[in-house]
Amino acid sequence: MAAPDGPLVIGVDSSTQSTKALVVDSATGSVVARGQAPHVVTAEHDSDPEQWWTALTDALEQCGPAAGEAAAIAVAGQQHGLVTLDASGRPVRNALLWNDTRSAPQRARLIDELGGPGAWAERVGSVPPASFTVTKWAWLREHEPAAADATRAVRLPHDYLTGKLTGQEVRGGTTDRGDASGSGWWSTATESYDEEILAHVGLDPALLPRVLAAGEAAGTTRAGLPLPEGILVAAGTGDNMAGALGLGLVPGRPALSLGTSGTVYAVSERRPTDASGIVAGFADAWRGWLPLACTLNCTQAVDRIATLLGLDREAVAPGGEAVVLPFLDGERTPDLPYASGLVHGLRHDTSGGQLLQAAYDGAVFALLRALESVLDDDADPGEPIVLIGGGARGTAWRETVRRLSGRAVRVPVADELVALGAAAQAAGLLLGREPAAVAREWDTTAGPAFEPVERDDAALARLAATLTDADALLRRR
Ligand SMILES: Nc1ncnc2c1ncn2[C@@H]1O[C@H](COP(=O)(O)OP(=O)(O)O)[C@@H](O)[C@H]1O
Ligand SMILES: O=C(CO)[C@@H](O)[C@H](O)COP(=O)(O)O
């Protein structure tokens, strides 16, 4: 390893499918070492938090001696997951993940019981979908009361891992405002836990972690890790908030992430309160806001359809009039938690490649429909969409976004923007600086820019019409 220009920091992305760790030179943003280890997710969208921890330590070990020289670390995690711990810090059960829709009935009841969509949007910034932690806790209370009663600490995925690093799994646990804003029990209006919502779902606020202020540390590393003991542990945040940090986003610049989830977001100085439920009104990982729309079916759904067709994921073909709504896991945007996948418009001459292209179109369509809603009204439509996540490496994904958006697209060369955002947060803590400003200095968005092409309005119209016409089918339980 060549001598770095500044202290080394580590950024971790513990997302749905895997944990990635980057060791980064805090002066330049250069990645000096990296590691990655997979997660197992059950068919019910459960995941064992202890295997996230094993994956994190594996990924750190893959980083080799560089990890042993780091001066600070931060963990970004998949949002919303319900982690329930006993008094010794062991999971009471597997975590219920963001893409598990089993709490849809509890979610519908919660919205009704606490004043309807408008009241929720005003209070917590979002109309909670079944992804949000509050709906999962309501499900657990109803279906597994013994597990709820045995719970001594409730954590989000990144809180759990941060606690494992500091040794404060149960007592002294922390979170940040970005990830807290996806729980459904943290009010973006008051920037504090909403005790009425917590009482309504029977959750003692003492079980929740303390929400750190911008720039506050979670603690320092405990002994016995593949890291030096006593280095700074930053607050960490949700993976989308870390993506925004990693890109050094400023208002008006949209990011589109193609991973297990599809997300489209921007940062804003205005607190979002979208009563339609399309936009989740998250806080960002500093002092601003992160309006975001999320789909449950993105890269994995399209890969699954490619496998069913016996095609490589890049084997798309143009033309044809088929429509695929790839809602294999139910859907959140549009709000159809009970939906399954739907194919319409097949003809004798429809090819497999055209059907696969239609699946890409269906996955990208909902995200692009939400694009204007996550941007401030005065945003410049000429700003390129910045494409990140595993799918950003795929030509078919990129070309679908270009064709259905009609906008310019930029694909950063840096391929792990969430882990890089966590590294920027660790560097910001170490250097006493705002993390997004650190990432801008690192020039993390550098990469090829693709010019706008004419928008395919015919494909968009077919998708919109199919969605409307199939409404009853897509709502059927
Ligand atoms: N070269 C590629 N082309 C297209 N898609 C890719 C490529 N490499 C990885 N992917 C997709 O990226 C996804 C993983 O993305 P990632 O952002 O790491 O997911 P997550 O953060 O949800 O765990 C996989 O489901 C896979 O479909
Ligand atoms: O639920 C959301 C955002 O609200 C998801 O974006 C999760 O945060 C999971 O992210 P990935 O694993 O797909 O990156």
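Placing unit charges on each Cβ (+1 for Lys and Arg, -1 for Asp and Glu) gives the chain a dipole about its Cα centre, and among Gly178, Pro226, Val343 the Cα reaching farthest toward its positive end belongs to Val343.
The charge dipole of the stretch 236-365, taken about its Cα centre with unit charges on the Cβ atoms of Lys, Arg (+1), Asp and Glu (-1) only, comes to about 340 debye. The stretch 131-187 gives an Rg/Rh value of 0.99, both radii derived from C-alpha positions and Rh following Kirkwood. Taking a ≥ b ≥ c as the square roots of the Cα gyration tensor eigenvalues, with a/c under 1.5 meaning rounded and otherwise prolate when a/b beats b/c, else oblate, which class fits the stretch 178-223? Since a/c reaches 1.5 but b/c is at least a/b, the shape of the stretch 178-223 is classed as oblate. Every helix of 4 or more DSSP H residues in the chain counts as -39500 (n - 2.57), and over all residues that averages to -10000 deg cm²/dmol at 222 nm.
Peptides 253-260, 409-416, 127-134, 41-48: what's the order by average Cβ count within 10 Å, highest mean first?
On the way: 253-260: 25.0, 409-416: 19.4, 127-134: 27.0, 41-48: 15.2.
Listed from highest to lowest mean packing, they are 127-134, 253-260, 409-416, 41-48.
Using the eigenvalues of the Cα gyration tensor, what equivalent ellipsoid semi-axes result for the chain when each is taken as the square root of five times the eigenvalue, whole Å, largest first?
In descending order, the three semi-axes are 33, 27, 20 Å.
The string of couplings for the stretch 356-369 from the Karplus curve (6.51, -1.76, 1.60, θ = phi - 60°) is 5, 4, 5, 5, 4, 4, x, 6, 7, 3, 5, 5, 6, 4 Hz, one whole number per residue in order, with x for Gly and Pro. Beta bridges from DSSP with both residues in the chain: antiparallel share about 70 percent, rounded to the nearest 5.
Take 22-30, 189-197, 469-477, 231-239 and order them by the average number of nearby Cβ atoms within 10 Å per residue, most first; the result is 231-239, 22-30, 189-197, 469-477. Potential lengthening of the chain between Ala147 and Glu269 amounts to 39.9 nm, from the contour at 0.36 nm per residue minus the alpha-carbon distance. Averaged per residue, the stretch 81-142 has 29 square angstrom of accessible surface, using a 1.4 angstrom probe with ligands and nucleic acids left out.
Ranking Gln425, Thr54, Thr273 by how far each Cα lies toward the positive end of the dipole of the chain (charges on Cβ) leaves Thr54 at the top.
Which peptide among 244-251, 88-95 comes first, and what is the full order, when sorted by highest mean count of other Cβ atoms within 10 Å?
Working: 244-251: 25.5, 88-95: 18.1.
Result, highest mean first: 244-251, 88-95.
Whole angstrom only: what separates the Cα centroid of the stretch 29-92 from the Cα centroid of the stretch 175-208? When both Cα centres are located, 24 Å separates them.
With one equal scatterer per alpha carbon and no solvent term, the Debye-computed log10 I(q)/I(0) for the stretch 360-469 at 0.11, 0.15 1/Å reads -0.44, -0.75. Taking the Kirkwood radius as Rh and the Cα radius of gyration as Rg, the stretch 8-235 has a ratio of Rg/Rh equal to 0.98. Dipole check for the stretch 3-58: with +1 at the C-beta of Lys and Arg, -1 at the C-beta of Asp and Glu, and the Cα centre as origin, the magnitude is about 240 Debye.
Suppose every K and R has +1 on its Cβ and every D and E has -1 on its Cβ; what is the size of the dipole of the stretch 298-419 about the Cα centre, in Debye to the nearest 20? All intermediate terms of the calculation are to be shown ahead of the outcome.
Working: 11 positive and 18 negative charges, 83 e Å.
Using only the charged Cβ atoms, the result is roughly 400 debye.
The values are calculated or read from the model by the stated rules, or taken from the named source; none is laboratory data. Keep in mind it's a predicted model, so treat the numbers as computed, not measured. Every residue, glycine among them, receives a Cβ derived from its backbone with ideal geometry; neighbour counts consider all protein chains shown. Surface areas here come from the heavy atoms of the whole protein model, side chains and all, with no ligands, DNA or RNA. Shrake-Rupley method; radii C 1.70, N 1.55, O 1.52, S 1.80 Å.
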